[in-house]
Structure formats: C-alpha cells, structure tokens
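Right, one structure below, let's go through it.
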Amino acid sequence: MKRSPLVSIVNVLQLLLGLALAVLAIYLLMLTRSPQTLADPDPVGTVHGLLIGAAVLGIPALITLIGVFGLWKRRFWGWVLSLATDVGTLAVLLYSMIDEGDWEGSEISLVAGCVVPVVLLLLPVVRKFYWNATATTNLSS
C-alpha cells in the first residue's frame, strides 16, 4: 500500500511534536544552570521545579520520537504509541487547564493544538494505513 500524503503529514507532525517537546525539556534543563535561576530567593525549589518540568516534557518527547520511528517503519505499534502519547499529553493539558481555571487564549490554543495530532491519527486514511500494515506484513511473510 502506497503512503498517502496525509500519512506523511502525520509522520512529519509527530516528528515536529517530539522534537518540540525535547527542545523544551532541554531548555528547562539549561535554565537550571542560569544565573537568574540561581539568584532566585529559593534556588533549590526553583531548580527542583524546572527538573520536574523537564521530566514531564522529556518523557513524552522520548516516547513520541519512538512512536515516530514506528510510524516511519509503518508499524501498528508506532501508531498506537503515538496516539496514546498524544491523548495523554492532551489529557494532562486539559486537566491542568480545567483544574486551575485558566481559560486564557494561550491555554486554549495549546489544548486545541494538541487535539490536531489526535484527530489526524484517527482519520480513516491514516488509521487504515497502519491497521492494514499488520495484515499486509502477515500475508507477505
């Protein structure tokens, strides 16, 4: 089965999402060493918070990039892993927004932006491409 342009767009979008999460995690790690952070009245608490933030972003980044590898190789597990990570990230952001009552435009746009990869992965063309990959692989073996 030939890869449709929509499947390629999903692959690139997932790659960009994984890279963006990884860059943000690295940025938070770099902030732990910055002079402004160390000059804070409570540098230990600030650094601890930044490390937690880096882990919260870094773990999904790693899982997303592993999922991207599976997507490029046309593996069903790559699709499942990407979908699970995207849904998990969306759930955390949505919960955070609702729990804090933070209904600002930036929060809403961030949550809306996380809905896009989930919707794209669930489109019939994309879903069938990865679901049929298992059947095609089993038939050709």
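The values are calculated or read from the model by the stated rules, or taken from the named source; none is laboratory data. Worth saying up front: this structure is predicted, and the values here are computed from it rather than measured. As a convention, Cβ positions derive from the backbone with ideal geometry for all residues, glycine included, and neighbour counts pool all protein chains shown. The area values use the complete protein model at the heavy-atom level, side chains included, leaving out ligands, DNA and RNA. Shrake-Rupley method; radii C 1.70, N 1.55, O 1.52, S 1.80 Å.
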Assuming R0 = 25 Å, can you tell me the calculated FRET efficiency for the pair residue 62 and residue 30, based on Cβ-Cβ distance, to the nearest 0.05? 0.90
In degrees from 0 to 90, rounded to the nearest 10, what is the angle of the helix 76-100 Cα long axis to the longest principal axis of the chain? 40 degrees
At residue 87 and residue 131, where each label point lies 7 Å from the Cα along Cα→Cβ, what is the point-to-point distance in nanometres? 1.3 nm
State, as an integer percentage, the relative contact order of the chain based on alpha-carbon contacts under 8 Å between residues 6 or more apart. 28 percent
FRET efficiency for residue 115 and residue 77, using Cβ-Cβ distance with R0 set to 25 Å, rounded to 0.05: 0.65
For the chain, the per residue accessible area (1.4 Å probe, Å²) is 61 Å²
The ratio Rg/Rh over the Cα atoms of segment 1-102, Rh being the Kirkwood inverse mean 1/r radius, stands at 1.11
Could you look at the chain and say what percent of its accessible area is carbon and sulfur, using a 1.4 Å probe and all protein chains? 75 percent
A chain fully extended from residue 20 to residue 55 at 0.36 nm per residue, minus the present Cα-Cα distance, gains in nm 11.2 nm
